[in-house]
Amino acid sequence: MNKQKVPQIRSAILDVHSPIYLKSLKGKYCGGDVGDIYGLVDMASKAGFGYLQFTPIQDTGHNPCPYMGRSIFSYNPIFLSLDHLETEIDFNQIDKDLLQRVKKGTLDHVGYRRLYDFKVQVLRQLFDKAKGRNIMQEEGNEQVLAYAVFCALRNKYRSKWINWPNKFKFGSIQNIIKNHPSLHSEINFYLFSQRLLGGQWADLNEYASQKGVKLIFDKPIYPVHDSAEVWANQDLFYLNPDGSLKMASGCNNPKDPFGAQYWGHAVYKYKQKPKEVIEYYSKSIAFMSRIAQTIRLDHALALVWKYYLMKPHSENGKHVPAIKHKLFNVLIKKYPGITFIAEDLGYVSKRNVDEPLIKHNIPGMRSLQWFKIPKYARVFAYPKLCLAMTSNHDLDSLPRWWQKLRQSRKLIFWKQIAEPPAKDYHNQIWQIVGLVFGSEALWASITLRDLTFDLRRYNMPGVKNSQNWTERMHINIEDVDFNPIGTIIKSSNRRNGII
């Protein structure tokens, strides 16, 4: 049984959610990008944070949900920073209406589709200036190449891969490249874009490391059906002979407050092809480790307990035993420099969840917002091997949750705090943050929404609406007061590599 080595340093995590949530004084467009993170790194480092956490940064096309990507082996063009590129861009060649609309940088919501299209237009212009280089021959990662071919074909047919001609639907990557030279330019464009985007993230990672700040990224549990991952690896998923979904993902954990949910992702054949699935999963970790020192395994219950299979667009499904130790043994042995954190919220079981994770020394998560379950309510009893959080992208911000919480239920937490409740609402919030950060947990996280007292919901699981994943900060990064959280980080003996 392989056990991962966990840094024995009490650390603080700032959960950003997504770069597009950021808003800065220098920002010119209707969503944040990689360039905006630099200023946040400086402020977070000074306050004592050791980590910045992000949802997946994969290319999702026009879908703002970061868990619905085209490939985990990709970077989202929407995060492209133009800070050092504007002299190379001829803005007269950009669609004037689109340019005008993305420049509305004071909006509280991201114009996701138009911002994505704008960044892609910029990348195409940069690619045109760099033509003449055949990047296909240089790309050594077969899954990155598959992503580029997938995007080229999707643009060609303007439809999901399930509707493509059979020669492309079921063809091998190398044969498609060999027999269809008309696709080469488009394939090269996507490879060029990925190198540029990957370089920006790598530069940020290096800068953050120098400031004592590491980056945490989420690893989605499954890819969507219409993705390069499924198209290029069809034998690893529950599909029908024609490529359509045979079984889809969902969630129906006992006593889960969000209830049964249909997600609709393609699901790995963990049971039928464990070796092949583990090998593929491992490759995705290798790609993420280019810029991530810590990876949060999303919906880890499907890895450690059971995963849920549903017929497409149905309401009912069945639980299937997870792959468990086979996967963790491989990941821990192969990536000793990566710290894995399990997003294990949703089902409480010492035998089925806690103990298997402990055997591998993998921390789970705790949130006081799930206080109806004793495991989460007793903040003073949180174990050392866990991540204690005030909130996350799927929950209310801490200020909003506290605002809605009945006085009788607030007593659960006041009894755990040595000092009397503050009269001021804002100071009460900091007392609760102090409770979480003062716990025994090695990691404690707070969201940027919590720091700024943002009362809006960032994502409502299982609910489709135009607001999910598109919120922006209601103030600029430069105006965020890091002093209260800095004091709490210091008093709770949490630190980064600088202070």
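Where a number appears in this text, it was derived from the coordinates with a stated rule and is not lab data. As the structure is a prediction and not an experimental result, all values here were calculated from the model. Note: ideal-geometry Cβ built from the backbone for every residue, glycine included; neighbour counts use all protein chains shown.
A few remarks follow.
- Karplus-derived 3J(HN,Hα), 6.51/-1.76/1.60, for each residue of segment 300-309, Hz, glycine and proline x: 5, 4, 6, 9, 10, 10, 8, 10, 10, 9
- Alpha-carbon Debye profile of segment 11-491, log10 I(q)/I(0) at 0.07, 0.10, 0.12 Å⁻¹: -0.37, -0.77, -1.12
- Contact order relative to length of segment 84-220, as percent, for alpha carbon pairs under 8 angstrom and 6 or more apart: 22 percent
- Relative to the Cα centre, the charge distribution of segment 25-83, modelled as +1 at Lys and Arg Cβ and -1 at Asp and Glu Cβ, gives a dipole magnitude of about 60 debye.
- Residue exposure proxy: Ser397, Ser314, ordered by other Cβ atoms within 10 angstrom of their Cβ from fewest to most, comes out as Ser314, Ser397.
- Cα pair distances exceeding 23 angstrom across segment 283-412, given as percent: 43 percent
- Residue among Gln234, Leu145, Asn352 farthest towards the positive dipole end of segment 11-491, charges placed on Cβ: Asn352
- Here the contact order of the chain, divided by its residue count and restricted to Cα pairs under 8 Å and six or more residues apart, works out to 22 percent.
- Here segment 198-258 is treated as an ellipsoid with the same Cα gyration tensor; its semi-axes, largest first and in whole Å, are 35, 21, 7.
- Cβ-placed point charges (K, R +1; D, E -1), dipole of segment 338-404 about Cα centre in debye, nearest 20: 280 debye
- Order of Asp59, Asp298 under a 10 Å beta carbon neighbour criterion, fewest first: Asp298, Asp59
- Cα-only radius of gyration and Dmax that characterise segment 96-211, units Å: 16.9, 51
- Cross-link check: pairs Lys96/Lys169; Lys178/Lys318; Lys169/Lys271 evaluated at a Cα-Cα cut-off of 31 Å; pairs beyond the cut-off: Lys96/Lys169; Lys178/Lys318.
- Cα centroid separation, segment 8-48 to segment 183-202: 24 Å.
- Using only side-chain charges placed at the Cβ, +1 for Lys and Arg and -1 for Asp and Glu, the dipole size of the chain relative to its Cα centre rounds to 1460 debye.
- Euclidean distance between Cα centres, segment 400-414 to segment 425-475, Å: 15 Å
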